[in-house]
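Colleague: Okay, handing you the structure first.
Each reported figure results from applying straightforward, stated rules to the coordinates on display, with no laboratory input. This one's a predicted model, so the numbers in the text were calculated from it and none came from an experiment. Because the Cβ atoms are built from the backbone with ideal geometry, glycine has one as well, and the counts that use them run over all protein chains shown.
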Amino acid sequence: MAIEIKSPKEIEALRVSSQMAAETLLLVGDNLRVGMKTEEINTLVHEDTIRRGALPSTLNYRGFPKSVCTSINEVVCHGIPGPRVLRDGDILNVDVTTFYGGFHGDTSATFYIGTPSPAALKVTEVARKALEIGIAQVKEGGRIGDIGAAIQEYVEGEGCSVVRDFVGHGIGRRFHEDPQVKHFGKRRTGERMKVGMVFTIEPMVNLGRFEVKIDPKDKWTVTTVDGSLSAQFEHTLVVTKNGCDILTKRDRPLRFSENVATVFA
Ligand code: MF3
Ligand code: CO
Ligand code: CO
């Protein structure tokens, strides 16, 4: 499938759904606490999304049973909210996707639950910077492969690894569209970026090896094969002439993630 170029009107609609996802993620940060069940995060995201007149994109998506993904420690992505309790020292990725006005907006972040170990800080801060480095590669005329190459170079230089089996994606009226945005690979490869292309960048960074496996029982939960910690951050963005516009940009720091002063509180 060809990569869609979104019209200015479509981009404004994507900005609305993306900002809803960003605001719901901020709300999650405000409400995290040690001892909380991931099911409670699901309830929070579900109710906040419905209150906005929107729908949680993940609910019933290819059979996914919940309104948000919650991925703890060695869980790479697609963790299913449930009775598991957040413990002091855990890292938690919360991935919110909101459908409103016919368009999806997709964003995620990794949070520190209580006091992080040095290993938890390392993988989380490398993942945070990996997304920034990927975003810095985006501009009209650049190649999609430049994004992954820059991310891989940085992450492996830090002694961590990049997950191969899950990629960023075009997004619009459908949750997952072309192009695939790999977080690894070679420069000067892949499609040329054009103004109006909308896609996510969402590097999953493992502290150990890059290989992952899917839980054979629930068919969703992705974990590192070596049991090492994994972290992820995701934004939805639109390509512009000189760079990009981050549609899921937040208007304040994420509690228990970006605002380091709150991490150890
Ligand atoms: N939000 C995820 C992404 O970034 C996809 C989750 S699909 C689900 O693409 F089915 F697991 F919810
Ligand atoms: Co995504
Ligand atoms: Co997502």
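Colleague: Go through 218, 226 for me and flag whichever is within 14 Å of ligand 1 (Cβ to nearest atom) and acidic (Asp, Glu).
Modeller: Among 218, 226, only 218 is within 14 Å of ligand 1 (Cβ to nearest atom) and acidic (Asp, Glu).
Colleague: Also, I was wondering about something else. Check whether at least one residue in the range 184-195 is without any contact (Cβ under 8 Å) to a residue 40 or more places away in the chain, surrounded by fewer than 21 Cβ atoms within 10 Å (Cβ to Cβ) and either more than 15 Å from ligand 1 (Cβ to nearest atom) or among the small types (Gly, Ala, Ser) (or both), and report yes or no.
Modeller: yes
Colleague: Next up: Among the numbered criteria (1) within 16 Å of ligand 2 (Cβ to nearest atom); (2) more than 17 Å from residue 249 (Cβ to Cβ); (3) part of a loop (DSSP other than H, G, I, E, B), which single criterion is violated by residue 130?
Modeller: (3)
Colleague: Considering only residues that are within 16 Å of ligand 2 (Cβ to nearest atom) and of a type in the set (Phe, Trp, Tyr), which ones fall in the range 101-123?
Modeller: 103
Colleague: Taking the range 12-40 as the search range and keeping residues that are β-branched (Val, Ile, Thr) and buried (at least 19 other Cβ atoms within 10 Å of the Cβ), which one is farthest from residue 98 (Cα to Cα)?
Modeller: Ranking the qualifying residues of the range 12-40, first place goes to 38.
Colleague: Sticking with this structure for a sec: Under 8 Å between Cβ atoms, at least 6 apart or on separate chains: pull out the pairs that start in the range 90-119 with a residue that is more than 14 Å from residue 16 (Cβ to Cβ) and hydroxyl-bearing (Ser, Thr, Tyr) and end on any residue that is more than 16 Å from ligand 2 (Cβ to nearest atom) and part of a strand (DSSP E or B).
Modeller: 110/91; 110/92; 112/91
Colleague: Give the residue, chosen from 128, 143, that is surrounded by fewer than 21 Cβ atoms within 10 Å (Cβ to Cβ), within 16 Å of ligand 3 (Cβ to nearest atom) and among the basic types (Lys, Arg).
Modeller: Selected residue: 128, the only one of 128, 143 that is surrounded by fewer than 21 Cβ atoms within 10 Å (Cβ to Cβ), within 16 Å of ligand 3 (Cβ to nearest atom) and among the basic types (Lys, Arg).
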